[in-house]
Amino acid sequence: MKGLKGRPELYTSYAQDMAFLNTRPKRAWTGALVVFALLMPFAVTDDLLMLLATGFVAAIGAIGLNIVTGYAGQVSLGHAFFLAIGAYTGAALSGDPDGRVLGFGITSLPVWLLASGLVAALFGVIVAPLAVRLRGLYLAIVTLGLVFLGEHVFREWDSLTGGPGVGRPAAVPEVFGVRLDRPSEFFTGPQQLYLLMFVLLVIFGVLARNLVRSRIGRAFAAVRDRDLAAAVIGVDLTKYKVLAFAISSFYAGVAGALLFVVNGFFDPGSFNLLLSVQYIAMVLIGGAGTISGAVMGALFITLLPRITRELPAVLPFISTDATGVITVFQVEAVLYGLLIVVFLIVEPRGLFGIWVRVRNYWRTWPFSY
C-alpha cells in the first residue's frame, strides 16, 4: 500500500521510509539537477566546464574522505598521499611504453581507473591497523606523515614521476578506443570530459549513499560516536576501521587518477600538505557526515580560486605575482583556514546544514516557528 496522496511523508512500510529518494520533492529536485547538469555543457564556456569537471572529480575524493572521517570518525590528514597513489597508478598503466617515464600502454579507462582505486585501497589497508591502536590527534599526525613520506618518495622516483618540475602526462581517458579529451563529431574535448566526470560522480555518489545507509554505514556511525560502546554491542572495531580506510582510499585513488586528466600533466609537487588541507576544507565546509555536503564543499573549494583570481582588479594590494603586498595564492591559503574555523563555529553542519535549514523553513512556511 502506497502513501496517501497529499501526504508525501506518510509511509506504510519500512522499505518506503528507507527508499533512496523517498519523497516526491526529492525526486523532482534530483531530476531537475541532473537535467541542469546535462545541459550545462551547451550553455557555458569550455574553460568553466574544465573547472566544473575538476570539481566533480574533487567531489569523488571528498566523498572518500568523508566516509573515513565524517562517518567512521577516523581523522585522516593523509588524503593527498592516496590521491598520489591513484594518480601515478593510472598514469603508469596508461602511459606510453616507449616514453621517458614508466608506462604500460593500457589506455582503457575502466581498467586503469579500477586499478588506481584498488592499489590505493591496498595502501589504505596497510595503513589502517594504525587506526585500531591510535585515535584523534595521534592518528592525524601519523596520517600527516604519509604526505611527507609520499612527497619524498615521488620526488626521488624519477622513472615513475618524471621528477620535480618536470612531471609526467596524466592518464589517458579512452573508452572503447575513443579519446574523450579530444574533440569528436558532436562534442568538444572539455564537454566530453565534463560529462564523463559528472557520470562518474553520480555513480560513486550513489554507491557511497547506499553504503552509509547499510549495515556497514551504521557500524561506521557507531564507531564514530563511541568506539568502546560499539565494541560492547558487538561491532568489530578492527574490521570496520580497516574497511573505512580501504573504501576511503579507493575513492581517493579513483579521484587521483582522474584529477589530472583534465589538465593532462602533473608533478610530485602536486601532492603536498595544502592538497590534504583542501580536502579537509571540502568536508568541513560542505558538511561532515553527509554525501551531499561533500559534493557541495568540493565544488565550493574548486570554484574559490576562480573568485580569488578576480581580487587584484578590486583590491590593488593583492597581486597575481610576488610584487604585491600579498598574492592571490596566499589569500587562498588563508581563506581555507578561515572558512574552516568560521564554519566549525557558526555552522558545524556546513553548507548542507544551511541547505537543510532553508528547506525546513520553506517546507513549513508560512508557519515557520
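Among the numbered conditions (1) β-branched (Val, Ile, Thr); (2) modelled with pLDDT under 90; (3) in contact with a Phe, Trp or Tyr (Cβ under 7 Å, 6 or more places away or on another chain), the only one that residue 328 does not meet is (3).
Under the condition of being in a loop (DSSP other than H, G, I, E, B) and of a type in the set (S, T, N, Q), the residues counted in region 43-89 number 3.
A single entry from 130, 149, 65 fulfils the requirement of being free of Cβ contacts under 8 Å to residues at least 40 places away in the same chain and among the hydrophobic types (A, V, I, L, M, F, W, C): 130.
Take residue 211 and decide whether it is touching a residue at least 40 places away in the same chain (Cβ under 8 Å), within 20 Å of the chain's Cα centre (by Cα) and under 17 Å from residue 298 (Cα atoms). Spelling it out, it is not the case that residue 211 is touching a residue at least 40 places away in the same chain (Cβ under 8 Å), within 20 Å of the chain's Cα centre (by Cα) and under 17 Å from residue 298 (Cα atoms). Among the residues making up region 193-226, those that are open to solvent by 20 Å² or more (accessible area, probe 1.4 Å) and not hydrophobic (A, V, I, L, M, F, W, C) are 209, 210, 213, 214, 215, 218, 224, 225, 226. Looking across region 339-361, the residues that are of a type outside the set (Val, Ile, Thr) and either modelled with pLDDT of 85 or more or exposed (fewer than 10 other Cβ atoms within 10 Å of the Cβ) (or both) come down to 339, 343, 344, 347, 348, 349, 350, 351, 352, 353, 355, 357. Of all residues in region 323-348, those that are without any contact (Cβ under 8 Å) to a residue 12 or more places away in the chain have Cβ atoms under 6 Å from Cβ atoms of residues that are aliphatic (A, V, I, L, M) and open to solvent by less than 50 Å² (accessible area, probe 1.4 Å), 6 or more apart or on another chain, in 326/318.
Check residue 163 against each of (1) open to solvent by 20 Å² or more (accessible area, probe 1.4 Å); (2) farther than 30 Å from residue 195 by Cα; (3) in contact with a Pro (Cβ under 9 Å, 6 or more places away or on another chain) and name the one condition it does not meet. Just one mismatch for residue 163, condition (1).
The values are calculated or read from the model by the stated rules, or taken from the named source; none is laboratory data. Being a predicted model, the structure only gives us computed values, none of them experimental. Don't worry about glycine lacking a Cβ; one is built from the backbone with ideal geometry, like all the others, and counts go over all protein chains shown. The protein model used for the area step is the full one, side chains on, heavy atoms only, and it has no ligands, DNA or RNA in it. Shrake-Rupley method; radii C 1.70, N 1.55, O 1.52, S 1.80 Å.
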